[in-house]
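J.: Mind having a look at this structure? Questions to follow.
The values are calculated or read from the model by the stated rules, or taken from the named source; none is laboratory data. The structure displayed is predicted, hence computed values, not measured ones. Neighbour counts run over all protein chains shown; Cβ positions are idealised from the backbone, glycine included. These area figures cover heavy atoms from the full protein model, side chains too; ligands, DNA and RNA do not enter into them. Shrake-Rupley method; radii C 1.70, N 1.55, O 1.52, S 1.80 Å.
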Amino acid sequence: MEMKTMSLRERKIRRIAYWYVLPALLFFILLNAYPLLNVLWDSFHYKNLLNKSLNGFAGIDNYKEVFANEYFWSSLRNTLIWTILSVTGEYILGLISAVALNQNVRGRTFFRALVIVPWVVPIVVAGLTWDWMLSPDYGIINYWLTSMGIIDKPYYWLGEMNTALLTITFVNIWRSFPFFTITLLAGLQSVSRDVLEAAAIDGAGVRTRFFKIVLPQLKTVSLTIIFVHIIWTAINFDFIWIMSEGGPLHSSETLPIMIYRYAMQEYNFGNASALASLMLGFMLSAFIIYYFYTSRKNRA
């Protein structure tokens with residue numbers, strides 16, 4: 001009798017739990033699953049607002065057009081460069097600043113509050129401010145560099161094909177590294193000081209303690225924020241668009257910028273959906289490969 005009562009109670013609790021989960025499930029379906037499936041559907045259909053006579057099932061024609069686009073491969077390369085350099089720079093700078101802010105120094109509370117400022121600045125404000133600072137006519141960056149004799153004359157950092165993407169990447173690192181800082185700082189504070197002191201007593205130097213004790217304990221949090229930022233950075237549109245609009249001559253154009261041009265300038269939603277689906281496929285493939293690689297490594 002008691003077991004039957006417990007079973008009824010468990011079923012009742014489970015039904016209540018389902019009702020609590022249902023709003024979140026509906027929210028996910030309406031705002032994520034349905035739009036995603038709609039994009040996949042449109043990628044196999046002709047959807048061009050400038051040529052409504054062309055409609056119906058397209059098969060893989062949209063994908064063929066995307067691959068045949070003269071800027072696709074350069075945009076793919078730019079996306080990889082932008083993502084890899086941004087995330088690498090953010091992690092290195094975030095780790096260095098986190099280690100510095102973890103030291104017991106005077107005023108560290110103030111510096112911890114100060115380091116978060118770039119992250120809380122809206123992207124539009126940050127992009128337009130840096131655009132002004134990098135201007136060759138009145139920008140303060142060129143003024144400083146010419147005053148210190150580093151360059152001979154003002155340089156158009158966002159207007160030259162060989163520096164536009166790298167300049168935006170640098171600004172993106174400046175804005176995003178505080179997120180890494182506060183996350184890694186939380187991880188550093190969980191590292192046992194007793195273990196570090198014991199290692200120091202045993203003769204382990206600062207470098208050995210850092211690479212053999214501290215970094216391994218930051219592995220989980222590091223991988224989490226790295227992969228989250230890979231996604232955020234790869235699909236980032238607004239920062240590049242605000243600063244260069246993908247120019248000059250498509251030299252800083254990434255795949256999200258290309259999707260925007262397809263959808264909002266050419267009104268070709270079929271091609272835009274195909275390219276968006278390709279991006280989703282690229283990222284899913286990368287994470288599936290990583291998952292199986294780590295799973296096999298853990299089993300070994």
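J.: Any residue that is of a type in the set (K, R) and either surrounded by 15 or more Cβ atoms within 10 Å (Cβ to Cβ) or modelled with pLDDT of 80 or more (or both) - is there at least one of those in the stretch 283-298?
T.: Going residue by residue through the stretch 283-298, those that are of a type in the set (K, R) are 296-297.
Among the residues that remain, those that are also either surrounded by 15 or more Cβ atoms within 10 Å (Cβ to Cβ) or modelled with pLDDT of 80 or more (or both) are: none.
No, every residue in the stretch 283-298 fails to be of a type in the set (K, R) and either surrounded by 15 or more Cβ atoms within 10 Å (Cβ to Cβ) or modelled with pLDDT of 80 or more (or both).
J.: For the stretch 258-281, what are the residues that are hydrophobic (A, V, I, L, M, F, W, C) and open to solvent by less than 30 Å² (accessible area, probe 1.4 Å)? Break it down into steps so the answer makes sense when it comes.
T.: Pass one, the stretch 258-281, residues hydrophobic (A, V, I, L, M, F, W, C): 258-259, 263-264, 269, 272, 274-276, 278-280.
Of everything in the stretch 258-281, those that are hydrophobic (A, V, I, L, M, F, W, C) and open to solvent by less than 30 Å² (accessible area, probe 1.4 Å) turn out to be M258, A263, A272, A274, L275, L278, M279.
J.: In the set S190, S251, which member is among the small types (G, A, S) and either free of Cβ contacts under 8 Å to residues at least 24 places away in the same chain or open to solvent by less than 50 Å² (accessible area, probe 1.4 Å) (or both)? Spell out the reasoning first.
T.: Numbers: S190 fails: either free of Cβ contacts under 8 Å to residues at least 24 places away in the same chain or open to solvent by less than 50 Å² (accessible area, probe 1.4 Å) (or both).
Step by step, each of S190, S251 is checked, and only S251 is among the small types (G, A, S) and either free of Cβ contacts under 8 Å to residues at least 24 places away in the same chain or open to solvent by less than 50 Å² (accessible area, probe 1.4 Å) (or both).
J.: Another question about this same structure. For the stretch 27-56, give me each residue that is open to solvent by 80 Å² or more (accessible area, probe 1.4 Å) and not in a helix (DSSP H, G or I).
T.: K47, L49, L50, K52, S53, N55
J.: Now, a different point. Inspect all residues belonging to the stretch 175-187 and state whether any of them is farther than 27 Å from V125 by Cα and either of a type in the set (S, T, N, Q) or open to solvent by 50 Å² or more (accessible area, probe 1.4 Å) (or both). So that I can check it myself, show each step before the final result.
T.: Let us first name the residues in the stretch 175-187 that are farther than 27 Å from V125 by Cα, namely 186-187.
With the extra rule that they be either of a type in the set (S, T, N, Q) or open to solvent by 50 Å² or more (accessible area, probe 1.4 Å) (or both), the set shrinks to 186.
Among the residues of the stretch 175-187, at least one is farther than 27 Å from V125 by Cα and either of a type in the set (S, T, N, Q) or open to solvent by 50 Å² or more (accessible area, probe 1.4 Å) (or both), which makes the answer yes.
J.: So, restricting to helices (runs of 4 or more DSSP H) that lie completely within the stretch 112-173, which ones have at least 3 residues that are farther than 25 Å from E253 by Cβ and open to solvent by 50 Å² or more (accessible area, probe 1.4 Å)?
T.: On the way: elements: 117-120, 123-133, 140-147.
The qualifying helices (runs of 4 or more DSSP H) are 117-120, 140-147.
Here's the yes/no breakdown for (1) closer than 15 Å to N172 by Cα; (2) in contact (Cβ under 8 Å) with a residue 40 or more places away in the chain; (3) among the small types (G, A, S):
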| site | (1), (2), (3) |
| --- | --- |
| P23 | no, no, no |
| F57 | no, no, no |
| G94 | yes, yes, yes |
| T109 | no, no, no |
| V121 | yes, yes, no |
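J.: Looking at Y20, Y63, can you tell me which residue is among the hydroxyl-bearing types (S, T, Y) and either open to solvent by less than 100 Å² (accessible area, probe 1.4 Å) or closer than 14 Å to A274 by Cβ (or both)?
T.: Residue meeting the stated conditions: Y63.
J.: Could I ask something else about it? Looking at the stretch 67-76, can you tell me whether even one residue there is open to solvent by 50 Å² or more (accessible area, probe 1.4 Å), under 19 Å from L280 (Cβ atoms) and under 28 Å from the mean Cα position of the chain (by Cα)?
T.: Within the stretch 67-76, the subset open to solvent by 50 Å² or more (accessible area, probe 1.4 Å) is 67-68, 70-71, 73.
Narrowing further to those that are under 19 Å from L280 (Cβ atoms): 67, 73.
With under 28 Å from the mean Cα position of the chain (by Cα) added as a condition, the list becomes 67, 73.
Yes: one or more hits.
J.: Restricting the search to the stretch 57-82, which residues are part of a helix (DSSP H, G or I) and either modelled with pLDDT under 90 or among the small types (G, A, S) (or both)?
T.: Residues of the stretch 57-82 part of a helix (DSSP H, G or I): 61-68, 72-82.
Once the filter is applied, which keeps residues that are part of a helix (DSSP H, G or I) and either modelled with pLDDT under 90 or among the small types (G, A, S) (or both), the stretch 57-82 yields A68, S74, S75.
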